[in-house]
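> This structure is in structure tokens; I'll ask about it shortly.
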Amino acid sequence: MKIDVITIEIGSTITKINAFNDIFSDSIKHIGQSTGLTSVDKGDVSLGVEEALENLKKDLGEDLEVGEYLINSSAAGGLRMAVFGLTYAMTARAAREASLGAGAIVEFVGTGKIQDFHLEDLYDTRPNIIMLAGGLDHGDTEITLHNAKMLASSELDVPFIYSGNRQLQKSVRRLFEKNNKILHITKNVYPDVDQLDIDEARKIIQHTFSEHIIHAKGMERLERYTSKEIIPTPYAVLTGAERLYKTLGDLVVIDVGGATTDIHSVSEDSPENSPYRAQATSLVKRTVEGDLGVFVNAKNLNDIEDNIDDFHTDLELLRPLPETEDEKNITKELTAKAVSIGLRRHAGTKKVLYSPTGKKTLIYGKDLTQVKYMIGTGGALSRLENANNILERIRDNQIEGSLLPQCNAKIMIDKKYIFSSIGTLAFHYKDANIEKLLKDHFRE
């Protein structure tokens, strides 16, 4: 059987493949899906891929003639990053948002002058990429240059990205070249007060990930499938969300997994809230909640005391693939708790302050009140029956002061669990009618 494209998603435990035909037609067809066990720890990730391909061949009942393979991955620990800036609220926050928007797990955030103890923390963290921000354009140079010298002369053997004061670009490049370090330079992620400029940084991060992930343990043999960029799985989800935003408008994608809950939003401030914004924010935002997984981190999630969704249960019946009604109910309630807490952490807040000059309203963080669509994906929401009820329950439970989606937001569930695969198609095929595939998929 001829297949135009197979997407390969290499997760921490499961490798999933999806087959598509008629990529450049008005009606892209999803042919099938299958899985295998991820085999990074065996030193050859292709073993899990071959298992998934063999299962797909059995499902379709014939041999496969594949035109092209495309890959996204969160295996080998995914994309782990460390970021450094002058202050947390400005340059470090901008670098962190750029990293999260590129699909990274940000494991270290540092501010101020880099000291020896910072380097020790970085050695312990062992990130895949380190991003250095700092200074507005034509602003501070002393601390940022000091930080560049400390990183360039360190024993950290990872790619670096410089995204700070553009006046220092040549000086920073010379420092890293002198010490034989890999350095990529991007626009300043915080060029002026209350300005975020993270799009170029996001692209450079994911490109750097693609260049170096192939050298991670067990990942080398991916080259036999494709010469195209390998992108982080969360970046694939965010790419799909950005493409869908062009036709549907403001949206939020809620991805609940066994280890984390990721929230991706593409939305603008409402006209009512925009005049009160206290700090800059970006159109696209992603947050990762490492304590809100429904299987690997279920104990952490279960133990969280929450005055809105205070569900606690005996986890004895928890299963990775629930089958009985009791098992399904536990997973459903844990998923609801993860969505509720994760969405509230992602959303911004409206605060009323009182000062000598009178009452003042301020908006902090992401405004989701304009969101038209709430989209559920990930292993939990995609597989649970009546998962839309979970999102409806969260949507309809409005909380004063929280900038959550309103009661008129529509609910969509990724029942076939292909959102990240469609995002991978969107990344590589800019002209393909991905939007129609997404909309048709969610109508099913």
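The values are calculated or read from the model by the stated rules, or taken from the named source; none is laboratory data. Please read all numbers here as calculations on a predicted model, not as lab measurements. Cβ atoms come from the backbone with ideal geometry, glycine included; neighbour counts cover every protein chain shown.
> Which numbered condition in (1) on the phi > 0 side of the Ramachandran plot; (2) free of Cβ contacts under 8 Å to residues at least 24 places away in the same chain is the only one that Asp194 fails?
Unmet for Asp194, out of (1) on the phi > 0 side of the Ramachandran plot; (2) free of Cβ contacts under 8 Å to residues at least 24 places away in the same chain: (2).
> Among Gly78, Gly134, Gly103, Gly139, which is the only one that is without any contact (Cβ under 8 Å) to a residue 60 or more places away in the chain and on the phi > 0 side of the Ramachandran plot?
Answer to the check: Gly134.
> Return yes when Val106 is surrounded by fewer than 21 Cβ atoms within 10 Å (Cβ to Cβ), outside the structural domain of Ile14 (by TED's automatic domain parsing), hydrophobic (A, V, I, L, M, F, W, C) and part of a strand (DSSP E or B) and no when it is not.
yes
> While we're on this one: Where in region 344-385 are the strands (runs of 3 or more DSSP E), entirely inside, with at least 1 residues that are free of Cβ contacts under 8 Å to residues at least 24 places away in the same chain?
Filter on region 344-385 gives 349-355, 358-364.
> Only residues in region 272-284 that are touching a residue at least 12 places away in the same chain (Cβ under 8 Å) count as the first member; pair them with residues that are of a type in the set (Phe, Trp, Tyr) and surrounded by fewer than 16 Cβ atoms within 10 Å (Cβ to Cβ), Cβ under 6 angstrom, at least 6 apart or cross-chain, and list the lot.
These pairs meet every condition: Ala278/Tyr364.
> May I pose another question? Inspect region 272-287 for any residue being in the same structural domain as Ala347 (by TED's automatic domain parsing) and closer than 12 Å to Gly423 by Cβ and give the result as yes or no.
No, region 272-287 has no match at all.
> Follow-up question, since we're still on this one. Output yes when any residue across region 40-59 is in a helix (DSSP H, G or I) and outside the structural domain of Asp431 (by TED's automatic domain parsing), and no when none is.
So far as region 40-59 goes, no, none of its residues is in a helix (DSSP H, G or I) and outside the structural domain of Asp431 (by TED's automatic domain parsing).
> Evaluate region 172-180: report whether one residue or more is part of a strand (DSSP E or B) and at pLDDT 95 or above.
Checked region 172-180: no residue is part of a strand (DSSP E or B) and at pLDDT 95 or above.
> Hey, could you check region 204-222 for residues that are modelled with pLDDT of 80 or more and among the β-branched types (Val, Ile, Thr) and say which is surrounded by the most Cβ atoms within 10 Å (Cβ to Cβ)?
Filtering first and then ranking leaves Ile205.
> Can I ask one more? Looking at Leu251 and the list (1) over 22 Å from Val189 (Cβ atoms); (2) modelled with pLDDT under 95, which single condition is not satisfied?
(2)
> Looking only at region 17-51, count how many residues are under 28 Å from Asp431 (Cα atoms) and buried (at least 22 other Cβ atoms within 10 Å of the Cβ).
Qualifying residue count for the region: 6.
> Next up: If I ask for residues that are within 14 Å of Phe84 (Cβ to Cβ) and in a loop (DSSP other than H, G, I, E, B), which ones from region 141-169 would you list?
Result: Ser154, Leu156, Val158, Ser163, Gly164, Asn165.
> Now for a different question. Kindly establish whether Val253 is of a type in the set (Val, Ile, Thr), buried (at least 21 other Cβ atoms within 10 Å of the Cβ) and part of a loop (DSSP other than H, G, I, E, B).
When the stated conditions are applied, Val253 does not pass them.
> Among the residues of region 246-287, count how many are under 16 Å from the mean Cα position of the chain (by Cα) and not acidic (Asp, Glu).
21
> Given the criterion within 16 Å of Gly257 (Cα to Cα) and under 20 Å from the mean Cα position of the chain (by Cα), identify the matching residue among Ala387, Ala380.
Of Ala387, Ala380, the one residue that is within 16 Å of Gly257 (Cα to Cα) and under 20 Å from the mean Cα position of the chain (by Cα) is Ala380.
> What about Asp431, is it among the acidic types (Asp, Glu) and in contact with a strand residue (DSSP E or B) (Cβ under 8 Å, 6 or more places away or on another chain)?
So Asp431 fails the test.
> Considering each residue of region 362-378, count those that are buried (at least 24 other Cβ atoms within 10 Å of the Cβ) and of a type in the set (Gly, Ala, Ser), and give that number.
So the answer is 2.
> Here is a further query. Hey, among the residues in region 385-406 that are buried (at least 17 other Cβ atoms within 10 Å of the Cβ) and not basic (Lys, Arg), which one's farthest from Val371 (Cα to Cα)?
Per the criteria, the residue is Ala387.
> Next question, about the same structure. Is it the case, given these coordinates, that Thr261 is among the hydroxyl-bearing types (Ser, Thr, Tyr) and farther than 28 Å from His138 by Cβ?
yes
> Out of the residues in region 390-444 that are in a helix (DSSP H, G or I) and hydroxyl-bearing (Ser, Thr, Tyr), state the one that is farthest from Leu334 (Cα to Cα).
Thr424
> Moving to a separate point now. Can you tell me which residue among Asp269, Asp262 is in the same structural domain as Asn408 (by TED's automatic domain parsing), modelled with pLDDT of 90 or more, surrounded by 19 or more Cβ atoms within 10 Å (Cβ to Cβ) and in a loop (DSSP other than H, G, I, E, B)?
Asp269
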